[in-house]
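A short write-up of the structure that comes next.
The values are calculated or read from the model by the stated rules, or taken from the named source; none is laboratory data. Since the structure is predicted, the reported quantities are computational estimates derived from the model, not experimental observations. Every residue, glycine as well, gets a Cβ built from its backbone with ideal geometry; the counts of neighbours run over all protein chains shown. SASA here: full protein model, heavy atoms, side chains in, ligands and nucleic acids out. Shrake-Rupley method; radii C 1.70, N 1.55, O 1.52, S 1.80 Å.
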2 protein chains.
Amino acid sequence: MNIQCPLPTKTDEIVKLGHGSGGEMTQRLLKNYIQPLFNNSWVSQAHDSATLPWDADRLVFTTDSFVITPLFFPGGNIGELAVYGTVNDLAMGGAEAKFLSCGLILEEGLPLAILERVLISMAEAASKTGVKLVTGDTKVVERGKGDGIYINTSGVGVLESNQSIDPSRIRRGDLILLSGDIGRHGISIMASREGLEFESSLASDCAPLNGAVSKLLRAGVEIHCLRDLTRGGLATALVELAESSNRSFVLEESSIPISEAVQGACEILGLDPLYVANEGRFVAIIPESASELAIATLRETDVGTSCEIIGRVEGEGYAQVILRNSLGCDRLLQRLPGEQLPRIC
Amino acid sequence: MNIQCPLPTKTDEIVKLGHGSGGEMTQRLLKNYIQPLFNNSWVSQAHDSATLPWDADRLVFTTDSFVITPLFFPGGNIGELAVYGTVNDLAMGGAEAKFLSCGLILEEGLPLAILERVLISMAEAASKTGVKLVTGDTKVVERGKGDGIYINTSGVGVLESNQSIDPSRIRRGDLILLSGDIGRHGISIMASREGLEFESSLASDCAPLNGAVSKLLRAGVEIHCLRDLTRGGLATALVELAESSNRSFVLEESSIPISEAVQGACEILGLDPLYVANEGRFVAIIPESASELAIATLRETDVGTSCEIIGRVEGEGYAQVILRNSLGCDRLLQRLPGEQLPRIC
């Protein structure tokens, strides 16, 4: 790092890996440094995308940088992850992804054949999700100033329905529908990084979610809020939604689907699967009346075959997420405090 | 770099710093690896932004990553550069920037006070240019896998007039208007990096260009094409435009404004100012009939006080850029072949 700042610094705090965890430290960075400076109605929505006041507020805009290591992992690679990640962020705002940009930061010495494989995956993922990559940029940094490939994708999408899908619509009595079993992405990255072999079948859940969301909307399912489970896992996503909506969620631990492979790996590694990252899972907060249609519809999609209702919105005016086990004991869930596994996406 | 690719590589070519130069090597990377995969009408426009088929084709989308070193330099820093760079790319498509995203890749160990200064500059630059930062993302990479701060900004803008401003509109007889003296950004970065002191007054030209473009359009100036001069300098920008329009440009060397400080520094360093980077300069290709109004209008703006007509579009069907000196001798200009100064933006 070669920093020349002409002005004295007012604090000796530094960036730590936990600031990129998507958990508590990331939240503090956002609250203390970013939101006060970029104080407009879109940033304060605290959603993963911004609805632009354009064409009757139907356009949605989002951005995501991908720094995952390794670049290739069981079930995917950084290229498809970069396309799906941004398509998914748009889907979580109820928008169909239309246009993507691609900003590459390449490290000197990267084999061009690796770049080519990543770009081919991006093109395939774009084609699969129906999004067009329309503009891009390439920068190269010296050896030791990057790590192969970093990718930023930004996306413009179009709202699919007139439903506004955001945390402010979450109501007491709503059900929490989880699209599938959790923890596959984080565990398979960790296994791949450490050379561990838990189960030959354990691969990342990395997948596009736009098809499933479209199907729910077209089936006429009333959806109050959507959130994909990425860094920080299920627990962090739900704590964020509880805080944004100022409501209390109660989860039934026994109803949360976790594969035996992930459960076993978490026990060995001392990890809590509720905090392990996913890249193809989401929660939908829906009114109870919509739950039967939602489950039936979601189970017909590739990504939703094992979806389950895992909890309910109970109190309001008090933001908390309670995990109730089969004995009726309650545990209060917090955001992921620091970093569990750096560079998971 | 920790690359695990499960497939054999088909070539042993690697990424070199020159692939990020914005010159010939960048062009080959685009042609060989990127354009064949993302083959749609927007990518093949070969412009710095894409006009989206939305709201009667009035929306424009662009992306740019900033990896400049040092983060703070005479005349600017990475934060304002990241805002102006993307605002300028939109302006070059004739669009007024409306919404920006911000993707941060931070290196572990970065002082938060440095991040704060950069973010404050971004907020100030956004306010100055009238653009709203509406969505963002933060990732952190380990020490030695980044370099302080990398920033991606993507932007959505709105076309300001019904004129289509792109290389296909360049015609024989058009004049080439350069907005100001060249080379300040590249020379001041080099001086700052190497600890050289040429002139106390030598600072980057880093500036927003949207105001000047708006003023030209509102004055009713007919504009065929615009291009900002960034990596690769004036020469590379004009070679790109000559190739995109398949036309021949003739430049009068003596009419190209270069400050004494830049000229002197280039002589000492053995650099050609035509290839040195700029961050607040552009060329406008305009019909001769528009030139008087264009010059008068541009000279009234902050960034255009020293604008000059530097050449003319002469032949067609043959893409070349000829530099004619005061003795009438011609020199054929090429793209910057490799890398002159890595990480200039």
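Taking amide H as placed 1.01 Å from N in the peptide plane, the amide H of B:Val60 sits under 5 Å from that of B:Leu52, B:Gly157, B:Val158, B:Leu159, each at least 5 places away or on another chain.
Accessible surface computed residue by residue for the range B:21-159, with neighbouring protein chains in place and a 1.4 Å probe, gives 26 Å² per residue. Of the cross-linked pairs B:Lys98/B:Lys145; A:Lys98/B:Lys145; B:Lys31/B:Lys98; A:Lys16/A:Lys139; A:Lys139/B:Lys145, those separated by over 21 Å at the C-alpha level are B:Lys98/B:Lys145; A:Lys98/B:Lys145; B:Lys31/B:Lys98; A:Lys16/A:Lys139.
Sorted shortest first, the distances from the A:Ser306 label point to those of the same residue in the other copies are 6.7 nm; each point sits 7 Å from Cα along Cα-to-Cβ. Sorting the segments A:97-110, B:51-64, B:151-164 by their residues' average number of neighbouring beta-carbon atoms within 10 angstrom, most packed first, yields A:97-110, B:151-164, B:51-64.
With every protein chain kept in place and ligands, DNA and RNA left out, what is the accessible area per residue of the range A:252-345? Probe 1.4 Å, answer in Å². Don't skip to the answer; put the middle values down first.
Numbers: 4340 Å² over 94 residues.
Result: 46 Å² of accessible area for each residue.
The mean sequence distance of close C-alpha pairs (under 8 Å, at least 6 residues apart), as a share of the length of chain A, puts its relative contact order at 24 percent.
Ranking B:Leu29, B:Ile286, B:Gly148 by Cα position along the charge dipole of chain B, where only Lys, Arg, Asp and Glu carry charges on their C-beta atoms, puts B:Leu29 farthest toward the positive end. The dipole here belongs to chain A: it is taken about the Cα centre, uses +1 on the Cβ of Lys and Arg and -1 on the Cβ of Asp and Glu, and is about 640 debye.
Against the main long axis of the alpha-carbon atoms of chain A, helix A:112-129 sits at an angle near 30°. Basic side chains Lys and Arg get +1 at the Cβ, acidic Asp and Glu get -1 at the Cβ, and with that the dipole of the range A:167-333 about its Cα centre reaches some 520 debye.
Could I get the Rg over Rh figure for the range B:241-330? Both from C-alpha atoms, Rh via Kirkwood, rounded to two places. List each step's numbers first, then the result.
Details: Rg = 14.4 Å, Rh = 14.8 Å.
That ratio is 0.98, to two decimals.
Charged side chains reduced to their Cβ positions (Lys and Arg at +1, Asp and Glu at -1) give the protein assembly as shown a dipole of some 380 debye around its Cα centre.
By accessible area of protein heavy atoms, probe 1.4 Å, what ranking do B:Ser245, B:Ser306 get, highest first? Numbers along the way, then the final one.
On the way: B:Ser245 10, B:Ser306 45 Å².
Largest to smallest exposure gives the sequence B:Ser306, B:Ser245.
What order, most packed first, do the peptides A:253-261, B:172-180 have when packing is the mean number of other Cβ atoms within 10 Å of each residue? Kindly include the intermediate steps, with their values, before the conclusion.
Values: A:253-261: 15.8, B:172-180: 22.4.
Going by the mean number of other Cβ atoms within 10 Å, highest first, we get B:172-180, A:253-261.
The A-B contact accounts for approximately 8700 Å² of buried accessible area, totalled over both chains at a 1.4 Å probe radius. Taking only the C-alpha atoms of the range B:21-159, Rg followed by Dmax gives 16.0, 47 Å.
Quick check: at a probe of 1.4 Å, how many percent of the accessible area of the range A:83-227 sits on carbon and sulfur atoms? Write down the numbers at each step before the final one.
Values: 1710 of 4060 Å².
With neighbouring chains kept in place, the figure for the range A:83-227 is 42 percent.
A cut-off of 5 Å between modelled amide H atoms, ignoring neighbours fewer than 5 places along the same chain, links A:Glu316 with A:Ser248. Over the C-alpha atoms of the range B:87-153, the Rg to Rh ratio, Rh being the Kirkwood estimate, stands at 1.04.
Residue by residue along B:116-129, Cβ atoms of other protein chains within 10 Å of the local Cβ number 3 on average. Computed from the mean reciprocal separation of all distinct C-alpha pairs, what Kirkwood hydrodynamic radius does the protein assembly as shown have, in Å? Its Kirkwood hydrodynamic radius stands at 25.9 Å.
In chain A, the longest principal axis of the Cα atoms and the axis of helix A:260-269 are about 60 degrees apart.
Averaged over the residues of A:15-26, the number of partner chain Cβ atoms lying within 10 Å of the residue Cβ comes to 5. Spin-label model, B:Gln163 to A:Arg143: label points 7 Å out along the Cα-to-beta-carbon direction sit 4.9 nm apart. Modelled this way, with points 7 Å down the Cα-to-C-beta line, the labels at B:Arg171 and A:Asn32 are 6.0 nm from one another.
For the range B:220-230, 3J(HN,Hα) computed residue by residue from phi via the Karplus equation (6.51, -1.76, 1.60; θ = phi - 60°) reads x, 6, 6, 10, 8, 7, 10, 8, 7, 9, 10 Hz, glycine and proline entered as x. Here the Karplus curve 6.51 cos²θ - 1.76 cosθ + 1.60, taken at θ = phi - 60°, turns the phi angles of the range B:60-75 into couplings of 10, 10, 8, 9, 7, 9, 10, 10, 4, 9, x, 5, 10, 9, x, x Hz, with x standing for Gly and Pro.
Rounded to the nearest 0.05, the FRET efficiency derived from the C-beta distance between A:Ile268 and A:Ala296 at R0 = 30 Å is 0.25. Computed over the Cα atoms of chain B, pair by distinct pair, the Kirkwood hydrodynamic radius stands at 20.7 angstrom. Relative to one another, the C-alpha centroids of the range A:257-315 and the range B:297-345 are positioned 59 Å apart. The angle between the Cα long axis of helix A:184-194 and the main principal axis of chain A comes to about 30°, on a 0 to 90 degree scale. Placing a pseudo-label 7 Å from each Cα along the Cα-to-Cβ vector at A:Asn39 and A:Ile322 gives an inter-label distance of 3.6 nm.
Counting Cβ atoms of other protein chains within 10 Å of each Cβ in A:153-159 and taking the mean gives 5. In this assembly of identical copies, the label point of B:Pro36 (Cα plus 7 Å along Cα-to-Cβ) is separated from its counterparts by 5.2 nm, sorted shortest first.
Close amide H pairs (under 5 Å, H built 1.01 Å from N) link B:Gly180 with B:Phe282, B:Glu308, residues at least 5 positions away or on another chain.
Calculate how large, on average over all directions, the projected area of the Cα convex hull of the range A:167-333 is; give the answer in nm² to one decimal.
On the way: hull surface 37.2 nm².
Mean orientational projected area (the range A:167-333, Cα hull): 9.3 nm².
Could you sort B:Ile223, B:Ile34 by accessible area so the largest value comes first, with the probe set to 1.4 Å?
Numbers: B:Ile223 0, B:Ile34 25 Å².
From most accessible down to least: B:Ile34, B:Ile223.
A label point on A:Leu269, set 7 Å along the Cα-to-Cβ line, lies at 4.7 nm from each of its counterparts in the other copies, closest listed first. Normalised by residue count, the range A:106-196 yields a Cα convex hull volume of 203 Å³ per residue.
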